[in-house]
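**Student:** Attaching a single structure in structure tokens format; questions to follow.
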Amino acid sequence: MVNVTKTYLPDKERYKKYIDEIYANGWVTNNGALVQRLEKRLAEYLGVKNIVLVSNGTVALEIAYRTLGLKGFVVTTPFSFVATTSSLVTNDLLPIFADIDEKSFNLDPKSIENAITKNTSAILPVHVFGNSCEVERIASIAKKHELKVIYDAAHAFGVKYKGQSVLNYGDISTLSFHATKLFHTIEGGALIINDDALVQKARYLINFGIKNEEEIPELGTNAKMNEFEAAMGLCILDDMQLIEEKRKAIYERYARELKGLVVFQERNSEATYNYSYFPAVFQSEEQLKRVQKALNAEDVFPRRYFYPSLDTLNYIEPKQYMPKSRDISTRIFCLPIYPELADEIQTKIIGIIKKAL
Ligand SMILES: Cc1ncc(COP(=O)(O)O)c(C=O)c1O
């Protein structure tokens with residue numbers, strides 16, 4: 001079976017060396033040595049100032065809202081993974097959708113501005129499939145309306161905008177290190193916090209709000225990453241160059257061979273790309289389903305991602321309708337892309353798509 005992705009597992013012996021270290025010092029969680037080491041190495045690798053590791057990308061979003069003290073309405077995108085929206089709802093924030101640009105699949109800045117009201121406290125854009133948002137336009141909208149900006153950067157590991165990490169834009173960017181992601185820690189995530197003064201608050205929040213044995217200044221939760229997860233991250237970080245090179249080759253081959261047959265995402269020309277996904281847009285849902293059926297018949301499972309558009313979620317009130325997001329979400333899927341994907345399997349996938357079209 002060929003799925004849209006396959007978890008990258010590093011060399012077992014290298015992982016075992018870290019496990020030996022964990023056994024030797026007996027410390028498995030609560031801001032252990034490996035979590036601290038991974039934070040340092042990631043800050044350097046990504047080119048960011050402050051990074052706080054957490055247990056997954058969904059709680060990273062929740063901690064971001066609480067660190068910034070958001071209230072009321074948050075303008076966000078309906079074209080994302082459900083956690084972008086559901087994390088707002090579970091934190092008593094109301095998602096107000098703006099529509100996407102149908103070429104980049106990211107929030108359209110004009111649409112963001114139209115969705116802002118006096119109750120809006122923040123903008124929550126997503127760098128969809130690792131494609132950088134129009135970060136400068138979003139920054140000026142936020143400044144004009146005095147809003148916070150949180151980027152759901154779950155897909156944007158390693159992406160640079162005008163030569164510096166895209167994660168440095170906005171007040172906070174959040175990452176997901178789930179096993180399906182480009183870089184992973186099995187389960188895990190992170191916050192990139194630009195204001196040094198907020199880092200300590202986030203650290204209290206991920207540890208029950210505790211400051212020390214006597215003081216609990218914040219209403220916190222448990223969002224800590226453990227040492228076994230950090231060990232996985234430390235191993236994978238060593239392999240990032242290889243992982244990206246292999247993905248790039250697969251990505252470029254799809255792009256070459258499917259050109260003119262399906263529509264590709266239009267990438268931000270000021271940004272680098274991390275080759276984390278290969279989204280393909282079809283002419284109609286009917287055409288997409290035909291190709292999907294042909295692939296499934298040969299044991300290949302692309303993922304309808306993102307589908308459905310989040311403005312269709314039954315728990316969102318008031319009801320909202322975002323035509324561009326709904327349209328793209330019915331016609332898009334992501335093709336298998338991961339370092340181990342063999343040439344002959346990719347040849348087969350491309351052949352099936354061409355035939356079905
Ligand atoms: C855009 C986006 N946001 C948030 C998440 C949630 O991350 P996690 O699965 O680590 O909780 C994911 C991935 O799963 C995602 O793709």
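The values are calculated or read from the model by the stated rules, or taken from the named source; none is laboratory data. All values reported here derive from a predicted model rather than from experimental measurement. Backbone-built Cβ (ideal geometry, glycine too); neighbour counts: all protein chains shown.
**Student:** Residues S80, S55, S121, S111: which one is assigned by TED's automatic domain parsing to the domain that holds I193 and within 16 Å of T221 (Cβ to Cβ)?
**Tutor:** S55
**Student:** Could you tell me whether any residue of the stretch 10-17 is within 16 Å of T185 (Cα to Cα), in the same structural domain as E146 (by TED's automatic domain parsing), away from the ligand (no atom under 16 Å from the Cβ) and of a type in the set (F, W, Y)?
**Tutor:** yes
**Student:** While we're on this one: Among the residues of the stretch 45-71, what is the count of those that are over 17 Å from the mean Cα position of the chain (by Cα) and within 19 Å of L310 (Cβ to Cβ)?
**Tutor:** Quick first cut of the stretch 45-71, residues over 17 Å from the mean Cα position of the chain (by Cα) only: 45, 47, 49-50, 66-71.
Narrowing the set further to residues that are within 19 Å of L310 (Cβ to Cβ) leaves 70.
Of the residues in the stretch 45-71, 1 are over 17 Å from the mean Cα position of the chain (by Cα) and within 19 Å of L310 (Cβ to Cβ).
**Student:** Another question about this same structure. Being buried (at least 20 other Cβ atoms within 10 Å of the Cβ), of a type in the set (G, A, S) and out of contact with any Phe, Trp or Tyr (no Cβ under 9 Å at 6 or more places or on another chain): is that true of A223 here?
**Tutor:** Yes: the conditions hold for A223.
**Student:** So, one more: Report every pair of residues separated by at least 6 positions or lying on different chains whose Cβ atoms are under 6 Å apart, first residue within the stretch 176-193 and at positive phi, second more than 10 Å from the ligand (Cβ to nearest atom).
**Tutor:** Correct list of pairs: I186/E229; I186/M232; G188/M225; G188/E229.
**Student:** Are any of the residues in the stretch 93-105 closer than 18 Å to L175 by Cβ and in contact (Cβ under 8 Å) with a residue 24 or more places away in the chain? So that I can check it myself, show each step before the final result.
**Tutor:** If we filter the stretch 93-105 for residues that are closer than 18 Å to L175 by Cβ, which is where we start, we get none.
No, that holds for no residue.
**Student:** Could you identify the single residue in I112, I116 that is touching a residue at least 24 places away in the same chain (Cβ under 8 Å) and surrounded by fewer than 21 Cβ atoms within 10 Å (Cβ to Cβ)?
**Tutor:** Unique residue meeting the criteria: I116.
**Student:** Suppose we keep only residues that are closer than 25 Å to F278 by Cβ and surrounded by fewer than 21 Cβ atoms within 10 Å (Cβ to Cβ) within the stretch 84-107. Which one would you say is nearest to the ligand (Cβ to nearest atom)? Before the answer, list the steps.
**Tutor:** Restricting attention to the stretch 84-107, the residues satisfying the condition of being closer than 25 Å to F278 by Cβ are 84-85, 99-107.
So of that shortlist, the ones also surrounded by fewer than 21 Cβ atoms within 10 Å (Cβ to Cβ) come out as 101-104.
On the way: D101: 17, E102: 18, K103: 19, S104: 15 Å.
Across the stretch 84-107, the extreme among qualifying residues is S104.
**Student:** Moving on. Which ones in the stretch 106-132 are hydrophobic (A, V, I, L, M, F, W, C) and either farther than 20 Å from T174 by Cα or out of contact with any His (no Cβ under 8 Å at 6 or more places or on another chain) (or both)?
**Tutor:** Those that are hydrophobic (A, V, I, L, M, F, W, C) and either farther than 20 Å from T174 by Cα or out of contact with any His (no Cβ under 8 Å at 6 or more places or on another chain) (or both): L107, I112, A115, I116, A122, I123, L124.
**Student:** Here's a follow-up. For the structure I just gave you, tell me whether A230 is under 19 Å from the mean Cα position of the chain (by Cα), outside any loop (DSSP other than H, G, I, E, B) and either more than 16 Å from the ligand (Cβ to nearest atom) or farther than 16 Å from L61 by Cα (or both).
**Tutor:** Yes, satisfied.
**Student:** A further question on this structure: Of all helices (runs of 4 or more DSSP H) completely enclosed by the stretch 53-127, which ones contain at least 2 residues that are closer than 30 Å to N207 by Cβ?
**Tutor:** Answer list for the stretch 53-127: 57-68, 82-89.
**Student:** Read through the list (1) over 21 Å from D195 (Cβ atoms); (2) away from the ligand (no atom under 16 Å from the Cβ), then give the number of the only condition that E146 fails.
**Tutor:** All conditions are met except number (1).
**Student:** Got at least one residue in the stretch 237-245 being over 19 Å from L175 (Cβ atoms), out of contact with any Leu (no Cβ under 9 Å at 6 or more places or on another chain) and in contact (Cβ under 8 Å) with a residue 12 or more places away in the chain?
**Tutor:** yes
**Student:** Determine the pairs where a residue that is acidic (D, E), located within the stretch 2-30, has a partner that is assigned to a helix (DSSP H, G or I) and at pLDDT 95 or above with Cβ atoms under 8 Å apart, the partner being 6 or more residues away or on another chain.
**Tutor:** Here the result reads D11/C235; E21/A33; E21/L34; E21/A231, each pair linking the stretch 2-30 to a residue that is assigned to a helix (DSSP H, G or I) and at pLDDT 95 or above.
**Student:** What are the residues in the stretch 311-330 that are within 21 Å of K289 (Cβ to Cβ) and touching a helix residue (DSSP H, G or I) at 6+ places or on another chain (Cβ under 9 Å), if any?
**Tutor:** Of everything in the stretch 311-330, those that are within 21 Å of K289 (Cβ to Cβ) and touching a helix residue (DSSP H, G or I) at 6+ places or on another chain (Cβ under 9 Å) turn out to be T312, K324, S325, R326, S329, T330.
**Student:** Just the residues that are of a type in the set (A, V, I, L, M, F, W, C), assigned to a strand (DSSP E or B) and within 9 Å of the ligand (Cβ to nearest atom), please, taken from the stretch 170-195. Walk me through how you get there before you give the answer.
**Tutor:** Taking the stretch 170-195 first, the residues of a type in the set (A, V, I, L, M, F, W, C) are 172, 175, 177, 179, 182-183, 186, 190-193.
Still in the running and assigned to a strand (DSSP E or B): 172, 175, 190-193.
Once the filter is applied, which keeps residues that are of a type in the set (A, V, I, L, M, F, W, C), assigned to a strand (DSSP E or B) and within 9 Å of the ligand (Cβ to nearest atom), the stretch 170-195 yields only L175.
**Student:** Given L198, L167, which one is surrounded by fewer than 24 Cβ atoms within 10 Å (Cβ to Cβ), touching a residue at least 40 places away in the same chain (Cβ under 8 Å) and part of a helix (DSSP H, G or I)?
**Tutor:** Within the list L198, L167, the selection yields L198.
**Student:** Which of (1) over 19 Å from F97 (Cβ atoms); (2) surrounded by 24 or more Cβ atoms within 10 Å (Cβ to Cβ); (3) acidic (D, E) does E136 not meet, given it meets every other one?
**Tutor:** All conditions pass for E136, except number (2).
**Student:** What is the residue count in the stretch 66-83 for residues that are under 25 Å from D101 (Cβ atoms) and either within 15 Å of the ligand (Cβ to nearest atom) or among the basic types (K, R) (or both)?
**Tutor:** Qualifying residue count, the stretch 66-83: 9.
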